[in-house]
Amino acid sequence: TIMRRLISVACLSLLAACATQAPRKYVVFFSNQSAELDSAGLDVVAQVAQEADKHPSRIVRVEGYASAGKDLSADALLAIQRAKAVTAKLQQDGVRSDRIVETPRAPSNMEGMVVGSRRVEIELTSP
């Protein structure tokens with residue numbers, strides 16, 4: 001019976017950890033100088049739309065990124081276009097526009113982040 005109690009406590013602890021777990025970030029990568037979703041990106045967005053459907057009270061945060069090149073205004077526009085492409089696909093996949101918060105990030109060239117700066121991050125968060 002001590003073993004049974006220990007198992008019960010372990011299961012409850014595991015459930016509590018799941019309930020307080022931090023939101024998962026989904027990442028969509030883009031080709032260089034592109035805002036077009038490829039098949040892998042479409043799959044990620046579809047997965048997020050399914051998760052959003054399961055959690056109707058959550059907000060879908062979409063953050064667009066781009067690397068910093070010679071023309072920062074063009075790079076900033078690319079970050080906006082990437083976020084808008086993901087937002088449009090989320091809406092096509094059934095996520096209401098009033099649940100989506102779109103944020104372009106300033107272009108940057110962090111060391112080792114050449115590919116990482118060509119992305120959009122998506123997160124389901126509490127309102």
Å² per residue, accessible surface of region 28-98 at 1.4 Å: 56 Å²
Those trypsin sites (Lys or Arg not before Pro) in region 32-127 that DSSP places in a loop and that have at most 14 other beta carbons within 10 Å: Lys70, Arg96
Whichever aspartates and glutamates have a C-alpha closer than 17 Å to that of Lys84, once near sequence neighbours (fewer than 8 apart) are set aside: Glu36, Asp38, Asp43, Glu63, Asp75, Asp93, Asp98, Glu102, Glu121, Glu123
Net charge contributed by nearby residues that have their C-beta within less than 14 Å of Asp98 (K/R +1, D/E -1): +3
Potential lengthening between Ala68 and Gln33 on full extension [0.36 nm per residue; Cα-Cα distance subtracted]: 11.5 nm
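The values are calculated or read from the model by the stated rules, or taken from the named source; none is laboratory data. Everything quoted here is computed from the prediction, not taken from an experiment. Because the Cβ atoms are built from the backbone with ideal geometry, glycine has one as well, and the counts that use them run over all protein chains shown. Keep in mind that these areas ignore ligands, DNA and RNA; they rest on the heavy atoms of the full protein, side chains included. Shrake-Rupley method; radii C 1.70, N 1.55, O 1.52, S 1.80 Å.
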